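So the structure is just underneath, and the comments pick up after that.
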Amino acid sequence: MSTSAHTDSGTNTGGGPTRGTTPAPAPTSALNASRTAATAARVLRQLRHDPRTIALMILIPCVMLLLLRYVFDGNPRTFDSIGASLLGIFPLITMFLVTSIATLRERTSGTLERLLAMPLGKGDLIAGYALAFGILAIIQSALATGLAVWFLDLDVTGSPWLLLLVALLDALLGTALGLFVSAFAASEFQAVQFMPAVIFPQLLLCGLFTPRDTMHPVLEAISDVLPMSYAVDGMNEVLRHTDMTATFVRDVLIVAGCAVLVLGLGAATLRRRTA
Amino acid sequence: MMNYPPGPPTNDDTPSTASPSTPSASPAVRAEDLTVVRGPRTVLRGLDFTVPRGQITGLLGPSGCGKSTLMRAIVGTQAKVTGTLDVLGSPAGHPTLRTRIGYVTQAPSVYDDLTVRQNLAYFAAILAPGRAASERRHDDVTRAIADVGLTSHADALAGNLSGGQRSRVSLAVALLGTPELLVLDEPTVGLDPVLRRDLWNLFHDIAARRGATLLISSHVMDEAERCHRLLLMREGRILADDTPDALRTRTHTDTVEAAFLHLVDEAIAADRTQQKETAR
């Protein structure tokens, strides 16, 4: 990424090293807790000036669950499996949308360029976003899970805390995917279209509509490499088993690993120098 | 290659062509054969120039001549830069420069959904992170808001401000900390005459009292008179690198605007003769 402008061939002999009047600048390490926290606080502060978005993010999953519960009024078993899956899918979708638009705005408003000309590490920015939206995801998932388990009689064999854990990891994955695809969107229109492009195939293949092992073998193989499949698998494990199964641990690790991997890819799309 | 010693702004009409007499004060920016390619176009074509320290250097030229690209190259956000470009003694884009340069893009780059103070507080926290610096940051933010005359709007959302006010918020961000070099891309565009005068007084104050170097682009020629030095650009090349007085004297004109037009006409004529010769 560095350019050949950095051909500092010691031609600066006349003046010797520059003695700045200010103390040595703070080092720009990969991850700085204060800068990450400041970024997360800033993202949350921006959202606080937009209460409608917060309300929509938090209420819509609850309303959908409520709707679903009475759609399957005569068939509570179906609600159990679909409801649990959706608890994992909602945070993924909302965080994907919010993050992709937020980072796209950061790119188009010029604030990203300004930040990257400052001593902000790319990791600080990504982690700041992940932290801020992670906090929102906790609130969203806690409300949705609480509503489903206590008021809509979602029949969960395992601990609701594990449902919450998977939901949180899904939110992180959504944030990561949103950050990543925003690099390829030149406008809000394109960013929104990435939702059907990136999320819908996963939604169809994740086992929500039909168990994955009953799909065409090709589709099943594809679903094996899509992270949302493991998010839904994890939810279903909690639904059916009292304790943490090995499959559950595997699912959780895969979702978390994917989130971290995609966050890393997202960081790689942030360029200090652009054409 | 034009090469002038950095020094205090003088009113003498003869551009000094002597070799640099004060080598200890290395220039704030030094470019040699600086070339920038954007897509199919070569935007900057082998520029050689220096920007002296502690002065206001105006970067003037018609829109599209490469002013913004040059500024982005100096700040280190421009890709595909070749040649030598040293800024404050380090190659442009060097990580240690990130706290020492204040940069304002042409379009205001602030968060519309944050208040003026919240915007500045965030950028200040990036420049000087940590709880230990929190008091200093607070003072710094208050001072920067006062510098651009937005104290009465400190708690207004940036998105609710007028265009001129938003660009001043963007300018205030660049004033945070104590940047040794301020790179300002058309900071006074769209501002009324009173504000423009106030900002130019602020720029002179920053140069004189903080000893900072300012590189300010503009296409308003009357602002050029307020600079210590001028870089006149046209089509990716530097037409002139001189003091306003020296430019006027050299071209036998009364204003920088007339001097600039004179130089442009000269350059166009030179281009034509060159084209004719190559055609032959």
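Hey, can you tell me all the residues within the stretch B:188-247 that are acidic (Asp, Glu) and either over 23 Å from B:Asp147 (Cβ atoms) or touching a residue at least 40 places away in the same chain (Cβ under 8 Å) (or both)?
B:Asp198, B:Glu223, B:Glu235, B:Asp241, B:Asp242, B:Asp245, listed by residue number.
Among B:His228, B:His219, which is at pLDDT 90 or above and either open to solvent by 20 Å² or more (accessible area, probe 1.4 Å) or on the phi > 0 side of the Ramachandran plot (or both)?
Of B:His228, B:His219, the one residue that is at pLDDT 90 or above and either open to solvent by 20 Å² or more (accessible area, probe 1.4 Å) or on the phi > 0 side of the Ramachandran plot (or both) is B:His228.
Identify the single condition in (1) touching a Ser or Thr at 6+ places or on another chain (Cβ under 8 Å); (2) more than 7 Å from chain A (Cβ to nearest Cβ) that B:Arg117 does not satisfy, given that it satisfies every other one.
(1)
Would you confirm whether or not the stretch B:99-107 contains a residue that is open to solvent by less than 10 Å² (accessible area, probe 1.4 Å) and touching a helix residue (DSSP H, G or I) at 6+ places or on another chain (Cβ under 7 Å)? Break it down stepwise before answering.
Pass one, the stretch B:99-107, residues open to solvent by less than 10 Å² (accessible area, probe 1.4 Å): B:102, B:104.
If we keep only those that are touching a helix residue (DSSP H, G or I) at 6+ places or on another chain (Cβ under 7 Å) as well, we get B:102, B:104.
Within the stretch B:99-107 (the criterion being open to solvent by less than 10 Å² (accessible area, probe 1.4 Å) and touching a helix residue (DSSP H, G or I) at 6+ places or on another chain (Cβ under 7 Å)), the answer is yes, since at least one residue qualifies.
Looking only at the stretch B:28-71, which residues are under 22 Å from B:Ala207 (Cβ atoms) and facing chain A (nearest Cβ under 10 Å)?
B:Ala28, B:Arg30, B:Ala31, B:Arg53
Rundown of residues vs (1) more than 14 Å from chain B (Cβ to nearest Cβ); (2) closer than 25 Å to B:Leu181 by Cβ; (3) without any contact (Cβ under 8 Å) to a residue 40 or more places away in the chain, yes/no style:
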residue: A:Ala38; (1), (2), (3): no, yes, no
residue: A:Pro61; (1), (2), (3): yes, no, no
residue: A:Asp80; (1), (2), (3): yes, no, no
residue: A:Gly83; (1), (2), (3): yes, no, no
residue: A:Gly88; (1), (2), (3): yes, no, no
residue: A:Pro91; (1), (2), (3): yes, no, no
residue: A:Met95; (1), (2), (3): yes, no, no
residue: A:Gly110; (1), (2), (3): no, yes, yes
residue: A:Leu115; (1), (2), (3): no, yes, yes
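Scan the stretch B:252-274 residue by residue and report those that are open to solvent by less than 50 Å² (accessible area, probe 1.4 Å) and within 24 Å of the chain's Cα centre (by Cα).
B:Val256, B:Ala258, B:Ala259, B:Phe260, B:Leu263, B:Val264, B:Ala267
Which residue, of B:Pro91, B:Pro62, is touching a residue at least 60 places away in the same chain (Cβ under 8 Å) and open to solvent by 10 Å² or more (accessible area, probe 1.4 Å)?
Being touching a residue at least 60 places away in the same chain (Cβ under 8 Å) and open to solvent by 10 Å² or more (accessible area, probe 1.4 Å) holds for just one of B:Pro91, B:Pro62, which is B:Pro62.
Which of the numbered conditions does B:His138 fail, given that it passes all the others? Conditions: (1) open to solvent by 30 Å² or more (accessible area, probe 1.4 Å); (2) more than 7 Å from chain A (Cβ to nearest Cβ); (3) touching a residue at least 24 places away in the same chain (Cβ under 8 Å).
Evaluating B:His138 over (1) open to solvent by 30 Å² or more (accessible area, probe 1.4 Å); (2) more than 7 Å from chain A (Cβ to nearest Cβ); (3) touching a residue at least 24 places away in the same chain (Cβ under 8 Å) leaves (3) as the failure.
Residues being on the phi > 0 side of the Ramachandran plot and open to solvent by less than 10 Å² (accessible area, probe 1.4 Å): count how many of those fall in the stretch B:46-59. First the steps, then the outcome.
Of the stretch B:46-59, the ones on the phi > 0 side of the Ramachandran plot are B:46, B:54.
Filter once more, so that each one left must be open to solvent by less than 10 Å² (accessible area, probe 1.4 Å): none.
Total satisfying the criteria: 0.
Which fully enclosed helices (runs of 4 or more DSSP H) of the stretch A:35-131 have 2 or more residues being in contact with a Pro (Cβ under 9 Å, 6 or more places away or on another chain)?
Passing ranges, in order: A:51-71, A:76-108.
How about the stretch A:122-133: which of its residues are crowded, with 20+ Cβ neighbours inside 10 Å and either more than 13 Å from chain B (Cβ to nearest Cβ) or more than 19 Å from the chain's Cα centre (by Cα) (or both)?
A:Ile126, A:Ala127, A:Tyr129, A:Ala130, A:Phe133
Going by the structure shown, is B:Ala133 modelled with pLDDT under 90, more than 7 Å from chain A (Cβ to nearest Cβ), open to solvent by less than 20 Å² (accessible area, probe 1.4 Å) and at negative phi? Steps first, answer last, please.
Values: modelled with pLDDT under 90: yes; more than 7 Å from chain A (Cβ to nearest Cβ): yes; open to solvent by less than 20 Å² (accessible area, probe 1.4 Å): yes; at negative phi: yes.
The answer is yes for B:Ala133.
List the helices (runs of 4 or more DSSP H) inside the stretch A:191-251, counting only whole elements, that have at least 3 residues being loosely packed, with under 14 Cβ neighbours inside 10 Å.
Because the criterion is at least 3 residues that are loosely packed, with under 14 Cβ neighbours inside 10 Å, the helices (runs of 4 or more DSSP H) in the stretch A:191-251 that meet it are A:217-224.
The values are calculated or read from the model by the stated rules, or taken from the named source; none is laboratory data. Computed from a predicted structure; not experimentally measured. All Cβ positions, even for glycine, are placed from backbone atoms using ideal geometry, and neighbour counts span all protein chains on display. The area values use the complete protein model at the heavy-atom level, side chains included, leaving out ligands, DNA and RNA. Shrake-Rupley method; radii C 1.70, N 1.55, O 1.52, S 1.80 Å.
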